[in-house]
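The values are calculated or read from the model by the stated rules, or taken from the named source; none is laboratory data. Remember, it's a predicted structure, so these values are computed and weren't measured experimentally. Here the Cβ positions follow ideal geometry from the backbone for every residue, glycine too, while neighbour counts run over all protein chains shown.
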Amino acid sequence: MEKTKTGRGKRGGDPVVLDKRSRIIERAIIMFNEIGYERVRVSDITDSLNIGKGTFYLYFENKKDLLLHCFERMGELVLELESLVQVYEGSYFEKIGPRVEAVDRYDWFPGLINLLRVSAMSPDEEIKVNAREAYETIAYPLKRDLEAAISQGIARDVDAELAAFAFIGMAENVYFRSRFDDARYRPADVVDFMIDATTQWLAKGSSTNGGAAQGRYLVRLMARDGNQFDLDSVRFDGETHLRASLGHAKIEVNRSRLASLTVELADEQCLVTLVMTDGATPRLSIDPNVAVSGEAAFGTVRIAIGDVASLTFAAEGDQPVPPSAER
């Protein structure tokens with residue numbers, strides 16, 4: 001019977017075939033990292049998946065061909081990630097959370113980053129070139145979006161390429177540490193840290209750039225107990241979108257479209273009145289236990305939205321007066 005193979009970079013085909021091919025690639029990423037590319041045998045990979053070597057050679061010419069397919073998995077991941085609505089909408093800093101959250105779905109991702117880094121120094125020219133190109137694939141969207149944020153005056157004027165590579169390295173190492181102790185660090189903690197660290201580092205007017213001293217903020221939170229917090233970011237249950245309801249419909253509100261919101265408790269319900277950047281004022285119901293979190297000058301603030309009176313979103317340097325809210 002004539003042998004059929006799925007060439008690198010091709011899409012489509014039998015979902016069962018593609019699933020089996022993906023399983024081989026993802027297992028190889030893990031084993032190449034744990035044991036080393038040179039030491040891993042094709043039989044080690046097939047035995048761990050309980051498949052025959054003949055099945056392996058339906059999709060790959062040899063172990064090197066498999067390694068090159070591993071590199072291309074990065075391009076597939078980036079394409080999938082960048083197509084998410086949470087990623088292509090919003091500002092540079094609002095994309096950080098969705099990007100980190102999406103990558104967290106893949107246990108093999110940190111291993112692929114490490115594999116690319118090691119392979120980029122390979123004496124084999126083909127492996128070296130392909131590894132470097134794959135690494136640049138994930139860095140490119142970060143570099144592109146940061147350059148746009150710099151030109152818009154949202155981010156500090158830094159070397160965008162170096163910053164993109166620094167972000168990747170930081171994310172990899174933070175996830176590496178978090179997996180030492182899953183009980184101590186939840187995925188949401190990693191996301192919050194990455195958002196806070198990147199915002200403090202790159203946001204124009206952040207505390208690293210003298211912004212805190214000038215009284216600048218991005219979000220002003222008024223609590224029902226009268227306390228006020230100036231935050232440089234805000235998240236809802238660890239996400240950039242506010243999830244609420246309008247009757248039976250479930251609504252996701254993009255943070256970038258919010259000008260302000262006020263909260264009131266009525267008949268054991270939590271209601272939020274939104275003021276959108278286009279002037280619309282929808283009124284939604286929301287779980288009062290939804291956690292609102294953000295970074296203040298003195299540390300991270302966490303509060304249930306039922307204990308919030310209002311949130312006001314400001315451009316850098318603005319000093320808006322928070323909207324009134326019923327107490």
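On the stretch given as segment 197-227, residues that are modelled with pLDDT of 80 or more and crowded, with 20+ Cβ neighbours inside 10 Å total 9.
Residues that are touching a His at 6+ places or on another chain (Cβ under 9 Å) and farther than 17 Å from THR199 by Cβ number at least 1 in the following strands (runs of 3 or more DSSP E) confined to segment 220-274: 249-254. Looking across segment 102-114, the residues that are crowded, with 18+ Cβ neighbours inside 10 Å and either touching a strand residue (DSSP E or B) at 6+ places or on another chain (Cβ under 7 Å) or aromatic (Phe, Trp, Tyr) (or both) come down to TRP108, PHE109. Of the residues making up segment 122-154, just one is of a type in the set (Gly, Ala, Ser) and touching a strand residue (DSSP E or B) at 6+ places or on another chain (Cβ under 8 Å), namely ALA149.
Checking ARG117, ARG99 one by one, the residue that is assigned by TED's automatic domain parsing to the domain that holds ASP19, surrounded by 18 or more Cβ atoms within 10 Å (Cβ to Cβ) and among the basic types (Lys, Arg) is ARG99 and no other. Could you please tell me which pairs satisfy a Cβ distance under 6 Å, a separation of 6+ or placement on different chains, a first residue in segment 92-113 that is touching a residue at least 40 places away in the same chain (Cβ under 8 Å), and a second residue that is crowded, with 21+ Cβ neighbours inside 10 Å and assigned to a loop (DSSP other than H, G, I, E, B)? Within 6 Å, the pairs are GLU94/THR240; GLY97/THR240. When segment 160-193 is limited to residues that are at pLDDT 85 or above and over 16 Å from the mean Cα position of the chain (by Cα), the one that is nearest to ASP145 (Cα to Cα) turns out to be ALA160. Candidates are the residues of segment 33-62 that are among the charged types (D, E, K, R) and under 18 Å from TRP108 (Cα atoms); the one that is modelled with the lowest pLDDT is GLU34. Does ASN254 count as modelled with pLDDT under 85, closer than 30 Å to LEU202 by Cβ, out of contact with any helix residue (DSSP H, G or I) (no Cβ under 7 Å at 6 or more places or on another chain) and surrounded by 12 or more Cβ atoms within 10 Å (Cβ to Cβ)? Criteria met by ASN254. For ALA309, the conditions (1) at pLDDT below 90; (2) under 27 Å from THR199 (Cα atoms) all hold with the exception of (1).
Of all residues in segment 257-281, those satisfying the criterion of being modelled with pLDDT of 85 or more and within 27 Å of the chain's Cα centre (by Cα) are ALA259, SER260, LEU261, VAL272, LEU274, VAL275, MET276. Reported count of residues in segment 6-32, each being touching a Gly at 6+ places or on another chain (Cβ under 7 Å), at pLDDT below 90 and assigned to a helix (DSSP H, G or I), is 0. The residues of segment 282-296 that are among the small types (Gly, Ala, Ser) and modelled with pLDDT of 85 or more, listed by number, are SER285, ALA291, SER293.
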